[in-house]
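The next block holds one structure in the form of structure tokens; read it before the comments.
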Amino acid sequence: MTSQPNKELRAWLDRARIENYECGHCDGVHLSALDPGEGPMECRIMPSPNSLLLLTQIELRPSAILPMGAFVNVLNSEYAEIKVHVECPDEEMPSLVISHALPHFLNLVEPAFVAWVQWYLAFTQQIIDEVRQSGLLETPPNQASENGSALH
């Protein structure tokens, strides 16, 4: 695979019965398979010149930044295959970011792509569940994002 257009990726996801859509605001293919619990979340496949990036962002309440920063180290050691970090943009709510990149030089074919997405979604849901159990994901109603459920 040199660079898969979204149309082909979406066809592969559809055949694997993985819900997906394009939002029109980014170049990504959004996935609906994860359960974030409370608060906005986005999961998408983002194309880049050298790789495909699976990226999940989950909104955090501001008071969770410091404890989440410490917890991220635990998550990165437990889930070494996936990158986990906290993002704190100046004018938006902080978010937990979970990602994994797949280089284009691997000549990805449909069965391998679907297996990669399913693997990522399973690991990411485990991480979300673990963070939810820690109490760091719940966003009080008065701190909800002004953007609704969109994080980009």
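The values are calculated or read from the model by the stated rules, or taken from the named source; none is laboratory data. Owing to the predicted nature of the structure, the values given are computational and were not obtained by experimental measurement. Because the Cβ atoms are built from the backbone with ideal geometry, glycine has one as well, and the counts that use them run over all protein chains shown.
Out of curiosity, is ALA122 in a helix (DSSP H, G or I), among the small types (Gly, Ala, Ser) and crowded, with 18+ Cβ neighbours inside 10 Å? No, not satisfied. The single condition from (1) within 14 Å of PHE123 (Cβ to Cβ); (2) not in a helix (DSSP H, G or I) that VAL86 fails is (1). Return yes when GLY69 is in a helix (DSSP H, G or I) and small (Gly, Ala, Ser) and no when it is not. Spelling it out, GLY69 is indeed in a helix (DSSP H, G or I) and small (Gly, Ala, Ser).
Any residue in region 43-53 that is in contact with a helix residue (DSSP H, G or I) (Cβ under 9 Å, 6 or more places away or on another chain), under 19 Å from ARG132 (Cβ atoms) and of a type in the set (A, V, I, L, M)? Looking through region 43-53, none of the residues is in contact with a helix residue (DSSP H, G or I) (Cβ under 9 Å, 6 or more places away or on another chain), under 19 Å from ARG132 (Cβ atoms) and of a type in the set (A, V, I, L, M). Condition first: under 22 Å from ASN107 (Cβ atoms), out of contact with any Gly (no Cβ under 9 Å at 6 or more places or on another chain) and at pLDDT 85 or above. Can you find one or more residues in region 65-81 that meet it? Looking for residues that are under 22 Å from ASN107 (Cβ atoms), out of contact with any Gly (no Cβ under 9 Å at 6 or more places or on another chain) and at pLDDT 85 or above, one finds at least one in region 65-81, hence yes. Inside region 90-112, can you point out the residues that are of a type in the set (Ser, Thr, Tyr) and either more than 21 Å from SER48 (Cβ to Cβ) or touching a His at 6+ places or on another chain (Cβ under 9 Å) (or both)? The one that is of a type in the set (Ser, Thr, Tyr) and either more than 21 Å from SER48 (Cβ to Cβ) or touching a His at 6+ places or on another chain (Cβ under 9 Å) (or both): SER99. Comparison of GLU38, GLU8 shows that the only residue that is surrounded by fewer than 17 Cβ atoms within 10 Å (Cβ to Cβ) and either within 19 Å of TYR120 (Cβ to Cβ) or at pLDDT 85 or above (or both) is GLU8. Confirm whether LEU13 is more than 11 Å from the chain's Cα centre (by Cα), of a type in the set (A, V, I, L, M, F, W, C) and more than 21 Å from PHE123 (Cβ to Cβ). Taking the combined requirement at face value, the residue does not satisfy it.
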